[in-house]
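Q: To start, I am sharing the structure in question, which I have written as structure tokens.
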Amino acid sequence: MAATDPNRSSHLPRLVALTPGAISEPQIPRLLDSIERCLDAGLPGLLLREAALEDRLFWGLLEAVLEVRERTGTGLWLAVHDRIHLGLLGDCEALHLGWRSLHPTMGRACIGERRLLGFSSHRHDVPGAFEMCDYLFHSPVRKPGKTGFKSAMEPVGWEGLRRFVESTDRPTFALGGLRPEDGHRALRAGAQGVAVLSGILGAEDPPGAVVPYLDDLEC
């Protein structure tokens, strides 16, 4: 079974912000406020990925983000990380899998053609790991600014990103330590755009951080 119709991937944004990934219930209102202000600043894409929240809280967060999208009329492209059962219930564009998630083959079996399927890829992944996916994140391009699994990996650099993009027909977002001025470099390497964690929703001024990324990507 192949990935879904490539025409569906033609509507992918140039910029995707990742939520922090480890918030607790008391931090949800602040995250929602940051997301809404980022949408007002023009953020086109968001990956919701909060592993520490139980399903009930994650569903409430997803519903709140969907309500903000509808109220603001921004047309936000929204992906849900890992929670396939909740992503299918919500009106999101994509389900996204990581290295701890279901294998993409099983993910595709779960969602069929109802949503785009994304995957976070790394240097030593074999192509078969993501043949069922519609788009990819590839990381780390630069050394991420925060500690964690990806920060322990050797950055692939711009040449490594270019080689990876040339090796696959899947639209690929650059990820990992990217600065606002890196957008055009990612595009020159053939990437679809950039995915950003600490640079936007981890910044002191999230909406203020959105605009420089958009400007460099000429969105």
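Q: For residues that are small (Gly, Ala, Ser) and part of a helix (DSSP H, G or I), scanning just segment 162-194, find the one that is surrounded by the fewest Cβ atoms within 10 Å (Cβ to Cβ).
A: Ser167
Q: Related question: Name the pairs: first residue in segment 195-215 and surrounded by fewer than 18 Cβ atoms within 10 Å (Cβ to Cβ), second residue modelled with pLDDT under 95, Cβ to Cβ under 9 Å, at least 6 apart or on different chains?
A: Hits for this filter: Ser198/Pro144; Ser198/Gly145; Ser198/Lys146.
Q: Residues to consider are Gly21, Gly87, Gly42; find the one that is modelled with pLDDT of 95 or more, assigned to a helix (DSSP H, G or I) and surrounded by 14 or more Cβ atoms within 10 Å (Cβ to Cβ).
A: Exactly one of Gly21, Gly87, Gly42 is modelled with pLDDT of 95 or more, assigned to a helix (DSSP H, G or I) and surrounded by 14 or more Cβ atoms within 10 Å (Cβ to Cβ), namely Gly87.
Q: Answer yes or no: is there a residue in segment 95-114 that is closer than 21 Å to Gly193 by Cβ and among the aromatic types (Phe, Trp, Tyr).
A: There is no residue in segment 95-114 that is closer than 21 Å to Gly193 by Cβ and among the aromatic types (Phe, Trp, Tyr).
Matching residues to (1) out of contact with any His (no Cβ under 9 Å at 6 or more places or on another chain); (2) not hydrophobic (A, V, I, L, M, F, W, C):
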residue	(1), (2)
Pro140	no, yes
Lys143	yes, yes
Arg170	yes, yes
Pro180	yes, yes
Ala186	yes, no
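Q: If I filter segment 96-136 down to residues being farther than 21 Å from Leu12 by Cβ, assigned to a loop (DSSP other than H, G, I, E, B) and modelled with pLDDT under 90, which single residue comes out as nearest to the chain's Cα centre (by Cα)?
A: If we take residues in segment 96-136 being farther than 21 Å from Leu12 by Cβ, assigned to a loop (DSSP other than H, G, I, E, B) and modelled with pLDDT under 90, then Trp99 is nearest to the chain's Cα centre (by Cα).
Q: Scan segment 161-179 and tell me whether some residue there is over 23 Å from Gly98 (Cβ atoms), out of contact with any Gly (no Cβ under 9 Å at 6 or more places or on another chain), of a type in the set (Asp, Glu) and at pLDDT 95 or above.
A: no
The values are calculated or read from the model by the stated rules, or taken from the named source; none is laboratory data. None of these values were measured; they are calculated from a predicted model. Neighbour counts are summed over all protein chains in view; Cβ atoms, including those assigned to glycine, are modelled from backbone coordinates with ideal geometry.
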